[in-house]
1. How many nm separate the modelled label positions at A:Thr55 and A:Asp77, each set 7 Å beyond the Cα in the direction of the Cβ?
2. To the nearest 20 debye, what charge dipole does chain A have about its Cα centre, counting +1 at the Cβ of each Lys and Arg and -1 at the Cβ of each Asp and Glu?
3. Where in chain B are the DSSP H helices whose alpha-carbon span along the long axis reaches 27 Å or more and whose Kyte-Doolittle mean is at least -0.5?
4. With every protein chain present, what accessible area does A:Met144 have (1.4 Å probe, heavy atoms only), rounded to the nearest 10 Å²?
5. Give, as a single signed number, the net charge of other residues whose beta carbon lies under 14 Å from the beta carbon of A:Val42, with Lys and Arg counted +1 and Asp and Glu -1.
6. So what's the back-of-envelope 222 nm ellipticity for chain B, counting only DSSP H runs of four-plus at -39500 (n - 2.57) apiece and dividing by all residues, rounded to 500?
7. At B:Glu160 and A:Glu84, where each label point lies 7 Å from the Cα along Cα→Cβ, what is the point-to-point distance in nanometres?
8. Can you pull the one-decimal nm distance between simple spin-label points at B:Leu127 and A:Arg109, each 7 Å off the Cα toward Cβ?
Protein chains: 2
Amino acid sequence: MEQNLQHTIALLSRTPNALNALLRDLPEAWTHNSEGDNTWTVFDVVGHLIHGDRTDWVPRARRILESGEAKAFDPFDRLGQIKESQGKSLVQLLDEFARVRSEALDDLRALNLQPDDFNRRGRHPALGVVMLSELLATWAVHDMTHLHQISRVMAHQYREAVGPWAKYLGVLKCAGHSA
Amino acid sequence: MEQNLQHTIALLSRTPNALNALLRDLPEAWTHNSEGDNTWTVFDVVGHLIHGDRTDWVPRARRILESGEAKAFDPFDRLGQIKESQGKSLVQLLDEFARVRSEALDDLRALNLQPDDFNRRGRHPALGVVMLSELLATWAVHDMTHLHQISRVMAHQYREAVGPWAKYLGVLKCAGHSA
């Protein structure tokens, strides 16, 4: 289906509560272990989602509206959350994600996008020309990519514990696809 | 890590609220579309989780405690939810999942499992000898397999809409691994 602003916002607005319900006060064995060297914990993923809402999605939408293809987006720092998350608890990050997401969606609504705006074009530093509708769809699918990752990182902690059932559990066969 | 009953219950007890927060009143474009022929919608997945809690996990734990390897588990009907879900709304299924999961965890706690019990063995109709600890770990990872699937099915609905960003979105590269 095509990107639909109401559908996109409906999904984006639910992710913080979903992660809160899944993760708050869960034993750290689930949330502070990764899939191995140079992979992320659930804690890292939540920090990454916060960082994206702060620096990436709405600022890029504004860039498209203000500059079109003339000025490329600022590159997204995929590790930018590491410093910001240091010393915080997962509960703090979950609260912060709820607040930051709510503010980002307020900012998005305040852009008062009209049907013609969705076809407006901007410039991604690596991908080249992109449309505003693609940016908004990507925001939603980016949430799903990281929910997908969170489910996989948590499943990994019981990789050995499931014994012979591993062959039936699709999530244990997932290679990660980079996130 | 090894299966730990408190960790397993902590995760299992959160899944219904997480799905409720993610899915309740979401536009049906997200929840009632699949990944294509012979694949499941989000609605189907929630029905499957209910069916598993009703017929599979705790009944199999009881079978191990009562019969050991002498009597194999009843096979799990992976499509058993289709009939049970017919005519229901997703909101009804989410409420039902919360109730059924809560009852299943009450039943699990009532088994009053002791450390030695986790090594008790049963017989899976296809996998052969399995341990109670493996069954319990599998219950938790089964939740994660289907959360992984739900995130993938939802992302699929915007597969075209994200345009060139698809190459950065891991969830769109996930082959599914059977679930």
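1. About 0.4 nm, to one decimal.
2. Computed about the Cα centre, the dipole is about 240 debye.
3. Length and hydropathy pass: B:5-23, B:90-110, B:132-156.
4. 0
5. My count for the surroundings of A:Val42 gives 0.
6. That calculation yields -18000 deg cm²/dmol at 222 nm.
7. Modelled inter-label distance: 3.4 nm.
8. Roughly 4.6 nm, to one decimal.
The values are calculated or read from the model by the stated rules, or taken from the named source; none is laboratory data. Quantities reported herein were computed from a predicted structural model and do not represent experimental measurements. In this analysis, Cβ positions are derived from the backbone assuming ideal geometry, glycine residues included, and neighbour counts consider all displayed protein chains. With ligands, DNA and RNA removed, areas are computed over all heavy atoms of the protein, side chains included. Shrake-Rupley method; radii C 1.70, N 1.55, O 1.52, S 1.80 Å.
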